[in-house]
Amino acid sequence: MSANLSIIVYDNPKALMVPLGGVSIRGSETFVQVLKKSSLFPEVVEVTTGMTTLDSVEILNGLEPGDQIVLGAHNLPGSMKPAGGGGNGPSPGDTPGPAGQNNDPQVTRDRP
């Protein structure tokens, strides 16, 4: 006798997910750098995070779907550290780009 079993630990189809490399931590505060059309430099925005997967983190507050963020530790100001660990320079996907590409830095909704 056998059985197929699915265990759902967490489900939020409306979750905003961003790659771990786009989230920075300073003390107890969490930030992302958002690209604005009106500025040459990204704006540091404080966010509230939720659940974390192996490669992304849920953003509960501070971003909107479609916001473009900067990825990679080499872009962090001051003493900010990336949420996913260190980094010795750019990696593939560390630059902003249009939606639909691999390692897309655009904020997306989690798939249902």
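The values are calculated or read from the model by the stated rules, or taken from the named source; none is laboratory data. Because the structure is predicted, anything quoted here is derived from the model rather than measured. Reconstructed Cβ throughout: ideal geometry from the backbone, glycine too, with neighbour counts over all protein chains shown. Each accessible area value is taken on the protein alone, full model and side chains, heavy atoms only, with ligands, DNA and RNA left out. Shrake-Rupley method; radii C 1.70, N 1.55, O 1.52, S 1.80 Å.
Overview of values
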item	result
Residue count for the stretch 16-47, restricted to those that are without any contact (Cβ under 8 Å) to a residue 40 or more places away in the chain and more than 15 Å from Asp67 (Cβ to Cβ)	5
Unmet requirement for Asp94, which otherwise passes all of (1) out of contact with any strand residue (DSSP E or B) (no Cβ under 9 Å at 6 or more places or on another chain); (2) at pLDDT below 60; (3) loosely packed, with under 11 Cβ neighbours inside 10 Å	(3)
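Conditions tested, residue by residue: (1) open to solvent by 100 Å² or more (accessible area, probe 1.4 Å); (2) among the aromatic types (Phe, Trp, Tyr); (3) more than 16 Å from Gly72 (Cβ to Cβ).
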| site | (1), (2), (3) |
| --- | --- |
| Val9 | yes, no, yes |
| Leu20 | no, no, no |
| Ser24 | no, no, no |
| Gly27 | no, no, yes |
| Leu35 | no, no, no |
| Leu40 | yes, no, yes |
